[in-house]
Amino acid sequence: MSKKIAITLGDPGGIGPDICVLMVKKYIKKYHIVITDPDLLIHSAKKLNKKLYINKLKNIGDAPKSGECLVNVLPIKLNKKNKPGYMNPDNASFVIRAIETAATGCLNCNFHSMVTGPISKSILNKGGFKISGHTELLAKLCNSNSIMMLMNDRLKVTLQTIHIPLQKVSKQITKKNIIEKIKIINNDLINRFGLRKPKILVCGLNPHAGEEGILGNEEIRIIKPAIDSLRKLGINIDGPVPADTAFIAKFVKEYDVIHTMYHDQGLPVIKYDDFSKTTNVTLGLPIIRVSVDHGTATDLVGKGNVDISSFVQALKVARDISKSAS
């Protein structure tokens, strides 16, 4: 049997429960363990008029069952009754508990990997949890550094900084931070993706990569010295290059990953390239975590016309990484 993958559905008022129900017939397998309140799936199935059977696991280590339209659920209870399409801050701790249960299960080897549905950072903060995203929360739970990597069949994009205001980005661009993160990227591409000697391309921070210092000197003072140090460690790395040309076909074909300096420098490109097949993989953790790369889509809840391809792809990526990391 394939190794068990924990699935969390994100905010209960979002599209996560509907996606799970729509995936059950064809894509949810025996080794997929959904951590949620079973009533969420039952209500979603009724709304969408889909057949669904639930096997409730009493304990995290219980053996799952197989069957047509059957989903194995490790139950956790909602705080407040869910209203589909409405995200309630009172259920923030339910969302966090699901993520913590999956992560702890991975750390304790009850699960081999975890796949996460979309959360709302603002709702979690209103509910009393001061976090800026899954990536940062999992880093804290695992006591590790974490790096966001977005990937599809053509591209892999990593981020030096993640969920911080643009005005704070330059303060986080240091030689030490760049070296630390690219060493993690290189290591995970080798050990989790099976690349013998990954080729990494690094973007500059400023327009035209600073234009030799005219438009900013972080490239000269920080980024290039970091790249030179990484080369001495045997890492196959080039840059810094202007971000506006980093994603031309030549570079996409030549490099295994393109490392960008901030969130909106790299993510718009990969989402435009193939949004429905793009997934988010967290590097640097002692566990395997993959996520969909879309939001809670509350406007689509209950309508049955949601695109499930990102969640399907996330499950595939988690399974493939699990095999590579075996």
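The values are calculated or read from the model by the stated rules, or taken from the named source; none is laboratory data. Model, not experiment: these values are computed from the prediction. Positions of Cβ are backbone-derived with ideal geometry, glycine not excepted, and every protein chain shown enters the neighbour counts. These area figures cover heavy atoms from the full protein model, side chains too; ligands, DNA and RNA do not enter into them. Shrake-Rupley method; radii C 1.70, N 1.55, O 1.52, S 1.80 Å.
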Please identify every one of the trypsin sites (Lys or Arg not before Pro) in the range 169-232 that sits in a loop by DSSP and has no more than 10 other beta carbons within 10 Å of its own beta carbon.
-> R196
With charges only on Cβ, +1 for K and R and -1 for D and E, what is the dipole size of the chain about its Cα centre, in debye, rounded to 20?
-> 1140 debye
Å² per residue, accessible surface of the range 134-188 at 1.4 Å | 48 Å²
Cα-centred dipole magnitude for the range 69-130, charges only on beta-carbon of K, R (+1) and D, E (-1), debye, nearest 20 = 280 debye
Say the cut-off is 24 Å between C-alpha atoms; which of K29/K58; K156/K197; K26/K46; K140/K168; K46/K121; K56/K126 go over it?
-> K46/K121; K56/K126
If you keep only loop residues by DSSP, which GluC sites (Glu not before Pro) in the range 175-237 have at most 15 other Cβ atoms within 10 Å of their Cβ?
-> E211, E212
What's the center-to-center distance, using Cα atoms, between the range 237-285 and the range 287-320 in Å?
-> 20 Å
Yeah, the range 155-247 with a ≥ b ≥ c from its alpha-carbon gyration tensor (a/c under 1.5 is rounded, else prolate when a/b outruns b/c, oblate otherwise) is prolate
Enter the accessible area per residue of the range 1-44 (Å², integer; probe 1.4 Å; all protein chains in place).
-> 31 Å²
Mean separation of Cα pairs under 8 Å and 6+ residues apart, divided by the residue count of the chain: what relative contact order is that in percent?
-> 23 percent
Label the range 94-223 by shape, choosing from rounded, prolate and oblate, from the square roots a ≥ b ≥ c of the eigenvalues of the Cα gyration tensor; if a/c is under 1.5 it is rounded, and otherwise prolate applies when a/b is larger than b/c, oblate when it is not.
-> oblate
Of the heavy-atom accessible surface of the chain (probe 1.4 angstrom), what whole percent is carbon and sulfur?
-> 50 percent
Rounded, prolate or oblate: which one fits the chain, using the alpha carbon gyration tensor with axes a ≥ b ≥ c (rounded when a/c is under 1.5, else prolate when a/b beats b/c, else oblate)?
-> prolate
Add -39500 (n - 2.57) for each DSSP H run of 4 or more in the chain, then divide by its residues: what number comes out at 222 nm, to the nearest 500 deg cm²/dmol?
-> -10500 deg cm²/dmol
Compare L57, L233, L137 in a GNM of the chain, Cα atoms joined below 10 Å, and give the one with the largest fluctuation.
-> L233
Based on the mean of other Cβ atoms within 10 Å per residue, sort peptides 161-168, 222-229 so the most packed one is first.
-> 222-229, 161-168
Dipole-positive endmost among N143, I248, G61 within the chain (Cβ charges, Cα centre) | G61
Which of the trypsin sites (Lys or Arg not before Pro) found in the range 69-136 are in a DSSP loop and have at most 16 neighbouring Cβ atoms, other than their own, within 10 Å?
-> K77, K80, K81, K130
Expressed per residue, the solvent accessible area of the range 246-326 in Å² (1.4 Å probe) is about 41 Å²
Rounded Å value of the spacing that divides the Cα centres of the range 93-120 and the range 154-200 | 23 Å
